[in-house]
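Asks: A single structure is presented below for examination.
The values are calculated or read from the model by the stated rules, or taken from the named source; none is laboratory data. Owing to the predicted nature of the structure, the values given are computational and were not obtained by experimental measurement. Neighbour counts run over all protein chains shown; Cβ positions are idealised from the backbone, glycine included. Note: areas computed on protein heavy atoms with side chains; ligands, DNA, RNA excluded. Shrake-Rupley method; radii C 1.70, N 1.55, O 1.52, S 1.80 Å.
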Amino acid sequence: AGRAKRLLLSRLFQPLNLQAGGEAAWGGRAGEPICRSQKLMLQGGLIHPAGPGCYCYMPPTVRAMEKLVKVMDEEMQAVGGQKLNMPSLSSAELWRASGRWDQMGPELFRLADRHSKEYCLGPTHEEAVTELVAAQSNLSYKQLPLRLYQVTRKFRDEPKPRFGLLRSREFYMKDMYTFDASEEAARQTYDLVCDAYRSLFDRLGLPFVKVRAATGSIGGTMSHEFQLPAAVGEDRLAVCPDGHFAANVETLNREQTSCPTCGEKLTQTRGIEVGHTFYLGTKYSSVSNAIFYSPDNKPQLAEMGCYGLGVTRILAASIEVLSTEDSIRWPSLIAPYQLCFIPPKRGSKEEEEGAALLERVYDDLAEALPHLAGDSVLDDRTQLTIGKRLKDANKLGYPYVVVAGKKVCEDPPVFEVWNQNTSEVLFLTKEGVIELLSKVQVP
């Protein structure tokens, strides 16, 4: 099989601007507010502005995104989700039938093909999926519940795209659409998917609140948002200090200032919406006539729900809430790379022996823990001091950094291992390093 090829930092397409100052460098227009995650992602070469509210996601970001999608797949499949993929182009007729062609207004990207047929670029896919299920002419109650989901690019013609991936015009979303035989079953599905969302945010180590929300342009009769509390958040939340109640302020009437359960005064906070769940009832199934046949062979409208998670928004929001002012901190499960190896500086007395020993740790680790083989980077910029490279590694947020420092020439050789998420430094032999990293999880 041969040895895994070492991944050299100098070969990664991740143009760092870690030194750059000034707002102009961040792809914002002069005087535009800029938030922490946007600044850190631009500095760290994670995103590159391509136009208002549109970004190139650089290779490390795509790695993080693919890991995040894997975790979402696990949670969705655990609740019986089946993954599909629907076109970005949706016909205007479908959207006119549901009334949303006009209701969505200018946020909908509209276009016409060469035959003058009108389309929109999907911001969401209720119409399309309902049409798909309605086309199955002999769906039986035995085939329900149906839980279909996708992870695709979505489009919204934001009037003011800002804050990088937090409010962009093109983004990735995981959207699930469920079809049940009764309202009761649909509400059970609703609770099940909400629990899956809880589980996802817990695994990522993100502090979230589930709040009562307005149904907006999607519609339906019940809706919740999953919010990450953050100063830069665009939503205002009212939360019971004892955790009995939480709501988006837009759903409350002016008088309501105390918790309906315990009477405590509600505190206000801001949040970034990262997930949204809706119980839709028959709003869309009645338009497309999405029916199934009941046990006594009568046609009945399916009861629907829809559930969204912002994939790229979760990436940015997690950096927003976990990071320090100048250093990225990832949810460790989805960090683009788990490990950075730093060999000695060129010309130092540890150079030759230290570099060889560090490369051996890299190779032995890849062999002992094959799941981490592609998750390790070697910072080969040996013209820079260890301190400078360590600082860069800290800014980029590798969960672990292994350094061949002064103690590497001892017998046995000892490596410095930085655990970025706990800010601890450990001094370990090669076996110790492998033992420590054997506990690291990647999806």
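Asks: Can you tell me the relative contact order of the chain? Whole percent, Cα pairs under 8 Å, sequence separation 6 or more. Could you put the intermediate results ahead of the total?
Replies: Values: 865 pairs, mean separation 70.4, N = 443.
About 16 percent, as a whole number.
Asks: Next question. Can you work out the accessible area per residue across the chain, with the rest of the protein chains kept in place, probe 1.4 Å, in square angstrom? Please list the in-between numbers first.
Replies: Working: 20100 Å² over 443 residues.
For the chain, the solvent-accessible area averages 45 Å² per residue.
Asks: For q values of 0.15, 0.17, 0.22 Å⁻¹, compute log₁₀ I(q)/I(0) with the Debye formula on a Cα-only model of the range 100-225, without solvent.
Replies: Listed by q, the Debye log ratios stand at -0.96, -1.19, -1.55.
Asks: Another question, if that's okay. Please get the size of the charge dipole for the chain, origin at its Cα centre, with Cβ charges of +1 on Lys and Arg and -1 on Asp and Glu, quoted in debye to the nearest 20. Before the final figure, lay out each step's value.
Replies: On the way: 52 positive and 55 negative charges, 189 e Å.
It works out to roughly 900 debye.
Asks: Moving to a separate point now. Taking a temperature of 37 °C and a viscosity of 0.692 mPa s, what whole-number D in µm²/s does Stokes-Einstein yield for the range 163-239 with Rh from Kirkwood over alpha carbon pairs?
Replies: Values: Rh = 14.7 Å.
Diffusion coefficient, whole number: 224 µm²/s.
Asks: Would you please give the FRET efficiency between residue 138 and residue 244, computed as 1/(1 + (r/R0)^6) with r the Cβ-Cβ distance and R0 = 35 Å, to the nearest 0.05?
Replies: On the way: r = 46 Å, r/R0 = 1.33.
Given R0 = 35 Å and the Cβ-Cβ separation, E is 0.15.
Asks: Given the C-alpha atoms of the range 191-302, compute the convex hull and give its volume per residue in Å³.
Replies: Numbers: hull volume 16.6 nm³, N = 112.
Measuring per residue, one finds 149 Å³ for the Cα hull of the range 191-302.
Asks: Classify the range 337-438 as rounded, prolate or oblate from the Cα gyration tensor: take a ≥ b ≥ c as the square roots of its eigenvalues, call it rounded if a/c is under 1.5, otherwise prolate when a/b beats b/c and oblate if not.
Replies: Values: a/c = 1.43, a/b = 1.13, b/c = 1.26.
Here the range 337-438 falls in the rounded category.
Asks: Given the pairs 117/210; 70/345; 407/439, which are separated by over 29 angstrom at their Cα positions? Write out the running numbers ahead of the final one.
Replies: Details: 117/210 41 Å; 70/345 38 Å; 407/439 24 Å.
Violating the 29 Å limit, Cα to Cα: 117/210; 70/345.
Asks: Another question, then. Once you have a ≥ b ≥ c as the square roots of the Cα gyration tensor eigenvalues for the range 36-322, tell me rounded if a/c is under 1.5, and otherwise prolate or oblate according to whether a/b is larger than b/c. Walk me through the numbers before you get to the answer.
Replies: On the way: a/c = 1.60, a/b = 1.18, b/c = 1.36.
Verdict is oblate for the range 36-322.
Asks: Where in the range 115-155 does the label zone of residue 85 land, with the point 7 angstrom along Cα→C-beta and an amide N cut-off under 12 Å?
Replies: Under 12 Å, as judged by backbone N against the label point of residue 85, lie 150-153 of the range 115-155.
Asks: If you don't mind, there's one more thing I want to ask. Which value in nm describes the separation of the simple spin-label points at residue 298 and residue 426, placed 7 Å from the Cα toward the beta carbon?
Replies: Spacing of the two 7 Å Cα→Cβ label points: 6.4 nm.
Asks: Within 10 Å, count the other beta carbons around each residue, average over each peptide in 284-293, 324-333, and list them highest first. Let's see the in-between values first.
Replies: Values: 284-293: 19.6, 324-333: 17.8.
Top to bottom by mean Cβ count within 10 Å: 284-293, 324-333.
Asks: State, to one decimal in nm, how far the label point of residue 231 lies from the label point of residue 349, with both points 7 Å from Cα in the Cβ direction.
Replies: Using points 7 Å along Cα→Cβ, the separation is 4.7 nm.
Asks: Excluding same-chain residues fewer than 8 positions from residue 283, which aspartates and glutamates have a Cα within less than 19 Å of its Cα?
Replies: 93, 102, 126, 127, 131, 175, 180, 183, 184, 303
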